[in-house]
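Visitor: Okay, handing you the structure first.
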Amino acid sequence: MEAESGRVYATCMRPVEAVRAPARLHLRTGFLTAHPAEIRTLRTKLLPALRAAEHRYDVPLVFPVP
C-alpha cells in the first residue's frame, strides 16, 4: 500500500516539482548573491559548532548534497 501511495504522490507532484525546482534554484542564486557576509559567517562559525556538538554528544551529522 505504501509503495502505491508513493507512486501516486510522485505522479501528482511531478508538475509541481517541475515548476518549483527552477524557481528554487533562481531564488537560491539571488539569496547567495544578496547575503555573502551572512553566509560567510555561517560557514565559519556554524559548522565548527555543529561538529563540536557532534563529537560531544556522539551524534553523527550528515549533510545532503544540494
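The values are calculated or read from the model by the stated rules, or taken from the named source; none is laboratory data. The shown structure was predicted, so the numbers you read here are calculated from the model rather than taken from an experiment. Glycine gets a Cβ as well: all are built from the backbone with ideal geometry, and neighbour counts include every protein chain shown. Heavy atoms of the whole protein, side chains included, go into the accessibility calculation; ligands, DNA and RNA do not. Shrake-Rupley method; radii C 1.70, N 1.55, O 1.52, S 1.80 Å.
Visitor: Only one of these conditions is not met by PRO60: (1) loosely packed, with under 10 Cβ neighbours inside 10 Å; (2) assigned to a helix (DSSP H, G or I). Which number is it?
Guide: All conditions are met except number (2).
Visitor: When ARG51 is evaluated against the numbered criteria (1) in a helix (DSSP H, G or I); (2) open to solvent by less than 70 Å² (accessible area, probe 1.4 Å); (3) in contact with a Leu (Cβ under 9 Å, 6 or more places away or on another chain), which criterion, by number, is the only one it fails?
Guide: (2)
Visitor: Return the pairs, sorted by first residue and then second, in which the second residue is acidic (Asp, Glu), the first residue lies in segment 46-66 and is free of Cβ contacts under 8 Å to residues at least 60 places away in the same chain, the beta carbons are less than 9 Å apart, and the residues are 6+ apart or on different chains.
Guide: The qualifying pairs are PRO60/GLU54; LEU61/GLU54.
Visitor: Name the residues in segment 24-48 that are surrounded by fewer than 10 Cβ atoms within 10 Å (Cβ to Cβ) and of a type in the set (S, T, N, Q), would you?
Guide: Result: THR33, THR44.
Visitor: What residue, of ALA21, ALA10, is over 18 Å from the mean Cα position of the chain (by Cα), assigned to a helix (DSSP H, G or I) and either modelled with pLDDT under 95 or loosely packed, with under 10 Cβ neighbours inside 10 Å (or both)?
Guide: On the way: ALA21 fails: over 18 Å from the mean Cα position of the chain (by Cα).
Only one candidate qualifies: ALA10.
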